[in-house]
Amino acid sequence: MMLQTENMTWEEIDLAIKNGFDTIIIAVGSIEQHGKHLPTKTDSLIGEEVVREVVKKLGNALQGPTIRLGCSKHHLGFPGTITLETETFKAVIRDYVMSLSKHNFKNVVFLPSHGGNFQPLKESITELQPQYPNLKLRAYTDLYGFIELLNGFSIEEEVSAEEAGAHSGENETSIVLALAEELVKKEKFDCGFVGTFGPKEGEIVMTQGIKALSPNGVLGDPRKASVEKGTIYFNKMVDFFIKKVQEFLAD
Ligand SMILES: [Zn+2]
């Protein structure tokens, strides 16, 4: 059965909702620089593929169209980055939810795959929920928990958290290798910022742009990335989000 609403007809979607597919999950990605070796659509690609697997395994959810542009102001120092202002982003979330509220869904879950989207998404959901008492709106918005989780996967493969990185490092590069190897420029693998990425570094990135921390745009080091590791990380991320969505639906 087709689970991506953008590939379905309205009649198929209507029937699916009536048959209990009343949860819709949406990846919230970005189009922004990802170093010299990864495509600008990296976050949208990862988010979309993760949600594709999550809905497949859940068995009672549909996948809504991925929001491909995110809040990427801190990457504008690099060509190809296209950002939404925070208020534009929140307006997109607002209108997306308003649209879904007309169609008998019970649960709307946003899963961000780009760091800059976590906070505005959290604010959006908090602001919107009171307007939609019949909809359960949820989003995964624990940014540092998410980075720690991903880095933890790498540490299990004997890659340090610093190499795994928060942006285009070993972890993210491995995942893109597993999903779309042909889009990865291996000859361009180059070490970026490999200090600890915590709230302080997050603050520098958000206020001064990522170039202030890393001239090549990478936080981490992609040189230990591999397809094999990427497959492991991807599957673990899918399992993690399935658990999260199940928690959201149960609370
Ligand atoms: Zn990314």
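Things to note:
- Filter pass, TYR96 being in contact with a Lys or Arg (Cβ under 7 Å, 6 or more places away or on another chain) and hydroxyl-bearing (Ser, Thr, Tyr): no
- Residues being under 17 Å from the mean Cα position of the chain (by Cα) and basic (Lys, Arg) - total across region 195-227: 0
- Of residues in region 26-49 being in contact with a strand residue (DSSP E or B) (Cβ under 7 Å, 6 or more places away or on another chain) and small (Gly, Ala, Ser), the one surrounded by the fewest Cβ atoms within 10 Å (Cβ to Cβ): SER44
- Which numbered condition PHE89 fails, given (1) within 13 Å of the ligand (Cβ to nearest atom); (2) among the aromatic types (Phe, Trp, Tyr); (3) crowded, with 21+ Cβ neighbours inside 10 Å: (1)
- Residue count for region 118-174 under the criterion of being within 16 Å of the ligand (Cβ to nearest atom) and on the phi > 0 side of the Ramachandran plot: the result is 2.
- Residue match in region 105-113 (condition: within 16 Å of the ligand (Cβ to nearest atom) and in contact with a His (Cβ under 9 Å, 6 or more places away or on another chain)): no
- Residue list for region 186-221, restricted to those being among the aliphatic types (A, V, I, L, M) and either free of Cβ contacts under 8 Å to residues at least 40 places away in the same chain or in contact with a Lys or Arg (Cβ under 7 Å, 6 or more places away or on another chain) (or both): VAL194, ILE204, ALA212, LEU213
- Restricted to region 49-69, and to residues there that are closer than 20 Å to PHE240 by Cα and free of Cβ contacts under 8 Å to residues at least 60 places away in the same chain, the residue that is nearest to the ligand (Cβ to nearest atom) is THR66.
- Residues (under 12 Å from the mean Cα position of the chain (by Cα), aliphatic (A, V, I, L, M) and modelled with pLDDT of 95 or more) located in region 136-156: ALA139
- Residue check, ILE82 surrounded by fewer than 22 Cβ atoms within 10 Å (Cβ to Cβ), within 16 Å of the ligand (Cβ to nearest atom) and in contact (Cβ under 8 Å) with a residue 24 or more places away in the chain: yes
- Of all the listed residues (GLY192, GLY230), the sole one being surrounded by 16 or more Cβ atoms within 10 Å (Cβ to Cβ), within 16 Å of the ligand (Cβ to nearest atom), at pLDDT 95 or above and over 19 Å from the mean Cα position of the chain (by Cα) is GLY192.
- Of all the listed residues (THR66, THR23), the sole one being within 21 Å of the chain's Cα centre (by Cα), crowded, with 20+ Cβ neighbours inside 10 Å and closer than 23 Å to ASN134 by Cβ is THR23.
The values are calculated or read from the model by the stated rules, or taken from the named source; none is laboratory data. All values reported here derive from a predicted model rather than from experimental measurement. Using ideal geometry, Cβ is built from the backbone for each residue, glycine included, and neighbour counts are taken over all protein chains shown.
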